[in-house]
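One structure is given below, encoded as structure tokens.
Derivation of every value follows stated rules applied to the coordinates shown; laboratory data play no part. Please read these numbers as outputs of a predicted model, since none were measured by experiment. We place every Cβ from the backbone using ideal geometry, glycine too, and count neighbours over all the protein chains shown.
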Amino acid sequence: MNIALGCDEAGFDLKQIISAKLKELGHSTEDYGCYDKNPVLYPDIGRKVAEAISAGRHERGILICGTGIGMCITANKIPGVSAAVCHDSFSAVRSRCSNNAQIMCIGARVIGNELAKQLLEIWLSNDFSGGGSTDKIEMINEIEKIYRR
């Protein structure tokens, strides 16, 4: 799988760990920043990753900041993108199976490195299952169309 990565300075160390894990699992990655621990404005990074997902350049994306929340809010502003904060196995599974999220957002200050790697594997191994969630996802997409410029 081709995966876009992005973080702010709070997520820099965890991004390095996630990147190594992705390569170990055989995935290719593209890093959209940040590239060191100097402060950055996370919406710039979240936007780049989400735009790349929306344009179809990557199948999935991982965004990391202090809590995962800010990156998630940013990514969800880009049309055609669904991002979800995943801090436990249930949310990682449901974000894919029920909500078809293309971007997993995690908080480096919220979860530890080992849990992050476990959640990554869970998230990558699940796909949208349709079923009872299909109508809901279609409705979300229709709402998005109303507000697109």
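As a test of the formula, what do you get for the chain when each DSSP H run with n ≥ 4 contributes -39,500 (n - 2.57) and the sum is divided by the residue count, at 222 nm and rounded to the nearest 500 deg cm²/dmol? If you can, show how the numbers build up before the last one.
Numbers: 6 runs with 68 residues, N = 149.
About -14000 deg cm²/dmol.
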Rounded to 10°, Cα long-axis angle of helix 42-54 versus longest principal axis of the chain: 50
Amide N of the stretch 59-91 lying under 15 Å from the label point, which is placed 7 angstrom from the Cα of ASP31 along Cα→Cβ: 62-64
Trypsin sites (Lys or Arg not before Pro) within the stretch 1-76, DSSP loop, no more than 13 other Cβ atoms inside 10 Å: LYS37, ARG57
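Sort the stretch 12-149 into rounded, prolate or oblate with this rule: let a ≥ b ≥ c be the square roots of the eigenvalues of the Cα gyration tensor; rounded if a/c is under 1.5, and if a/c is not under 1.5, prolate when a/b is larger than b/c, oblate otherwise.
Values: a/c = 1.78, a/b = 1.29, b/c = 1.39.
Note, shape of the stretch 12-149 comes out oblate.
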In the stretch 75-139, trypsin sites (Lys or Arg not before Pro) in a DSSP loop with at most 13 other beta-carbon atoms within 10 Å: LYS77, ARG109
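Mind giving me the FRET efficiency for ASN141 and GLU114? R0 is 41 Å, r the Cβ-Cβ distance, nearest 0.05 is fine. Please report the intermediate quantities before stating the final value.
Numbers: r = 35 Å, r/R0 = 0.86.
About 0.70, to the nearest 0.05.
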Folded to 0 to 90 degrees: helix 134-147 orientation relative to the chain principal axis, Cα: 80
In degrees, nearest ten, helix 12-24 long axis to first principal axis of the chain (Cα): 70
Rounded to whole Hz, the Karplus (6.51, -1.76, 1.60) HN-Hα couplings of the stretch 71-78, x for glycine and proline: 4, 5, 4, 4, 4, 6, 7, 8
Anisotropy class of the stretch 43-88 from Cα gyration tensor, a/c 1.5 cut: prolate
Cross-link partners of LYS37 among lysines (Cα-Cα below 25 Å; sequence separation of 8 or more within a chain): LYS15, LYS21, LYS23, LYS48, LYS117
Those Cys residues of the chain for which no other cysteine Cβ falls under 4.7 Å: CYS7, CYS34, CYS65, CYS86, CYS97
Euclidean distance of C-alpha centroids, the stretch 1-62 and the stretch 94-124, integer Å: 13
Net length gained if the chain between ALA20 and GLU59 were fully extended (0.36 nm per residue, minus Cα distance): 12.2 nm
